[in-house]
Amino acid sequence: MTADVSIRNATKVFGSFRALDDVSLDIAAGEFIVLLGPSGCGKTTLLSILGGFLEPTSGTIAIGGRDMTHVAPAKRPTTTMFQDYALFPHMKLSDNVGFGLRMRGMAKAERDDRALALLDLVGLKASAGKKPHELSGGQRQRVALARALAVDPDVLLLDEPLGALDLKLRRQMQDELKAIQKRVGTTFIHVTHDQEEAMAIADRIVVMNHGHIEDVGAPSDIYMRPRSLFAAGFMGEANFLDARIDGVSGAEVRVETALGQAVLPASAFTAGKPSEGGKATLCIRPEHFRTGGEGGAAISLGSARIVDSAFFGAHLRCHLQPERPPERPSGVAITAHLPQTAKPQAGDLLELAVPADTIVALV
Ligand code: ATP
């Protein structure tokens with residue numbers, strides 16, 4: 001089954017420390033939501049409040065339209081899957097998966113049928129009679145997932161479930177987790193600090209920092225149209241260029257940066273309104289730079305000289321600096337990924353531009 005989740009002004013204070021600060025979020029039934037952020041940002045606190053292991057200091061939680069704020073974990077339509085997903089070592093897999101159903105008094109035959117169906121879902125039906133020690137780490141992880149889904153929660157809460165796996169297995173499990181979630185349709189709320197993992201699995205990512213939400217959106221939305229500097233920086237590499245706003249007219253905003261003057265579309269401002277004489281920060285991904293007029297409708301940013309470059313397979317990773325007299329260094333360093341075909345070399349002076357729909361400005 002599945003349900004929507006509504007978090008309203010959730011705050012959690014430990015002593016004088018606000019681990020969660022006025023968080024509101026609506027999650028649709030069947031969504032795969034990832035809570036993403038650095039260590040200590042409040043992800044686990046929020047997940048624990050959803051699972052009922054912590055009560056919020058203030059604010060409310062509703063699941064499927066019912067207020068759950070003060071309801072005990074066992075009485076909620078949620079199951080939590082932790083990183084350390086201890087399976088019972090002496091039980092075969094089908095009994096591990098059926099354990100929660102036994103606790104609920106389900107008859108053995110029915111329980112076994114359901115356990116087998118779930119082991120089938122995670123690709124382990126043929127191993128139903130094995131014990132956990134006969135499995136690999138990834139397989140044990142799948143059994144834990146089957147066990148969590150066996151009790152048919154409306155919402156599955158996953159706290160860094162792939163954290164203990166090596167990178168290759170982790171990437172493989174991400175794909176499987178996403179496919180399984182789409183098949184069962186249960187709402188998944190998954191915590192990680194790994195931006196690539198979030199991109200690989202989420203319908204929507206919630207970027208958190210210091211107990212509050214910085215940005216919410218589909219992975220491509222947060223990558224291409226971040227609404228905060230923190231979200232832009234956390235979701236992959238970005239160049240941040242300070243800008244002064246020289247003029248605002250209709251759909252255009254004239255700015256001056258260390259590279260020179262540029263005219264931005266007003267739509268580049270994803271958060272906050274530009275005002276003449278004000279400041280902004282331009283956010284540009286390294287792969288979005290164009291040189292020498294290629295790439296169609298581009299915004300010209302000015303010129304910069306290549307300081308060094310390194311081979312990265314599909315592209316060259318170049319560091320550039322604006323051209324300045326030595327007594328007035330700009331202090332600005334730019335990273336650009338340029339195609340090999342451009343044959344960029346240290347010392348070259350390049351005209352930098354970016355396609356209009358890739359530049360983001362934040363005030
Ligand atoms: P991580 O990725 O490291 O698990 P997180 O984003 O999940 O981090 P939380 O576990 O939610 O972070 O913790 C948020 C902050 O609240 C941290 O600074 C943590 O030290 C603090 N905190 C969490 N639980 C308690 C508690 N019971 N008492 C005091 N402080 C706490």
Just grab the label-to-label distance for Ser303 and Lys279, each label 7 Å out from Cα along the Cβ direction, in nm (one decimal).
2.9
Per residue, accessible area of the chain with a 1.4 Å probe, heavy atoms of protein chains only, in Å², comes to 45
Using a Förster radius of 41 Å, what is the FRET efficiency between Ser220 and Ala74 based on their Cβ-Cβ separation? Nearest 0.05, please.
0.60
Computed on Cα atoms only, the convex hull of segment 61-131 has an orientation-averaged projected area in nm² of 6.2
As I understand it, the value is the acute angle between the Cα axis of helix 93-103 and the longest principal axis of the Cα atoms of the chain; what does it come to in degrees, rounded to 10?
70
The chain: relative contact order in percent, alpha carbon pairs under 8 Å with at least 6 residues between
16
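In the calculated pair distance distribution of the chain, what percentage of Cα-Cα distances lie above 31 Å?
48
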Between their Cα atoms, which of Lys279/Lys343; Lys125/Lys178; Lys125/Lys168; Lys43/Lys182; Lys43/Lys130; Lys12/Lys75 are more than 26 Å away from each other?
Lys279/Lys343; Lys43/Lys130
Interatomic Cα distance distribution for segment 240-313, bins of 10 angstrom, percent
17, 49, 26, 8, 1
Any aspartates and glutamates with Cα under 12 Å of the Lys108 Cα? List them, leaving off those in the same chain fewer than 8 positions away.
Asp95
Rounded to the nearest 10, the angle in degrees between the Cα long axis of helix 167-184 and the longest principal axis of the Cα atoms of the chain comes to 70
By DSSP, what percent of the beta bridges with both residues in the chain are antiparallel, rounded to the nearest 5?
75
When the accessible area of the chain is computed with all protein chains present and a 1.4 Å probe, what percentage of it is carbon and sulfur?
53
Stokes-Einstein translational diffusion, segment 134-203 - Kirkwood Rh over all Cα pairs, 1.567 mPa s, 4 °C, in µm²/s
104
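The values are calculated or read from the model by the stated rules, or taken from the named source; none is laboratory data. On a predicted model such as this, the values are computed, not experimentally measured, just so you know. As a convention, Cβ positions derive from the backbone with ideal geometry for all residues, glycine included, and neighbour counts pool all protein chains shown. These accessible areas exclude ligands, DNA and RNA; they are computed on the full protein's heavy atoms, side chains included. Shrake-Rupley method; radii C 1.70, N 1.55, O 1.52, S 1.80 Å.
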